[in-house]
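See below for the structure under consideration.
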């Protein structure tokens, strides 16, 4: 059976991300953005020859870890997360070229309007002279104002103001974006692999089909609403076995002739689960019985000792009066 460990998920995500970076370097726009120059045709070919095989390697790892059906779904999920993460992270690429900010032109004050002469009805020479003097004074004032407004502070040669590479909002957004896969990795690390993928799962074969059988947790059977104790188990058949199996059952003691429907596993593919009722007068000799019904009609039975599948259940049975 395959193993769905944290390292498998991390490897698939990392390989997909590196593959997308190689494909981005092979493109015109992103390649020039990341390399600060236009990549040559030889470099583009090399990046493509690296990018596409890396994505194929990630798909092969998923098929090996989860099978071709679930592996394809897992690969598409990590592919989407890697592509979206790279797309949103490119604007904050740390090695991008700094672009100078264009300085705003200084505002120029408008010249004051020229003074109009005295009243048109006035016709004396003194008034005309006074009007001419007023116009000359206004022109002089406007010229001095314009000259003062157009003066600008001298700037240092060779120094141009630049935009801040990162802002607080950008850093918060980028950190949140990068925290999504990190949080998912932490969640997977806390959950661990499914019980059927752990090393202590019982590996066996019933009829022509191989399987892995395990208890859902390492806790003793718990008491249900009716007072009877129950214990949860999981089973997973091989990838090519599921299409040929109609139903699988798990119960205490040998079924005659078929187990009750309530003892059937709840799924028909991949990992299946069931809660097994533990009778009050149970003994270790009763064993745990697995029944598999094929779609062709054959019925297969196989018994297991409680110590093989669930040591805590065996200890619980020994403590019963």
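Observations on the model:
- Taking the criterion of being closer than 30 Å to residue 242 by Cβ and either surrounded by 14 or more Cβ atoms within 10 Å (Cβ to Cβ) or touching a strand residue (DSSP E or B) at 6+ places or on another chain (Cβ under 9 Å) (or both), the only residue of segment 37-56 that qualifies is 55.
- Of all residues in segment 272-295, those satisfying the criterion of being at pLDDT 90 or above and farther than 22 Å from residue 227 by Cβ are 272, 273, 287, 289, 290, 291, 292, 293, 294, 295.
- Out of 47, 13, sole residue that is part of a helix (DSSP H, G or I), in contact with a helix residue (DSSP H, G or I) (Cβ under 6 Å, 6 or more places away or on another chain) and over 18 Å from residue 73 (Cα atoms): 47
- Residue match in segment 4-11 (condition: farther than 27 Å from residue 240 by Cβ and either crowded, with 17+ Cβ neighbours inside 10 Å or in contact with a strand residue (DSSP E or B) (Cβ under 7 Å, 6 or more places away or on another chain) (or both)): no
- Conditions (1) closer than 30 Å to residue 73 by Cβ; (2) over 40 Å from the mean Cα position of the chain (by Cα); number of the one not met by residue 282: (1)
- Just one of the listed residues (192, 207, 224) is modelled with pLDDT of 85 or more and farther than 14 Å from residue 304 by Cα, namely 207.
- Hey, residue 85 at pLDDT below 85 and more than 27 Å from residue 201 (Cβ to Cβ) or not: yes
- Among (1) modelled with pLDDT under 90; (2) in a helix (DSSP H, G or I); (3) in contact with a helix residue (DSSP H, G or I) (Cβ under 9 Å, 6 or more places away or on another chain) - the single one residue 96 does not satisfy: (2)
- All positions within segment 16-42 that are touching a helix residue (DSSP H, G or I) at 6+ places or on another chain (Cβ under 8 Å), more than 11 Å from residue 58 (Cβ to Cβ) and assigned to a helix (DSSP H, G or I): 21, 22, 23, 24, 25, 30, 31, 33, 34, 35
- Boolean, residue 25 is in contact (Cβ under 8 Å) with a residue 12 or more places away in the chain and not assigned by TED's automatic domain parsing to the domain that holds residue 271: yes
- Selected residue (criterion: surrounded by the fewest Cβ atoms within 10 Å (Cβ to Cβ)) from residues of segment 244-269 that are modelled with pLDDT under 90 and not in a loop (DSSP other than H, G, I, E, B): 261
- Any chance residue 8 is part of a helix (DSSP H, G or I), closer than 30 Å to residue 234 by Cβ, touching a helix residue (DSSP H, G or I) at 6+ places or on another chain (Cβ under 6 Å) and in contact (Cβ under 8 Å) with a residue 24 or more places away in the chain: yes
The values are calculated or read from the model by the stated rules, or taken from the named source; none is laboratory data. Owing to the predicted nature of the structure, the values given are computational and were not obtained by experimental measurement. Every residue, glycine among them, receives a Cβ derived from its backbone with ideal geometry; neighbour counts consider all protein chains shown.
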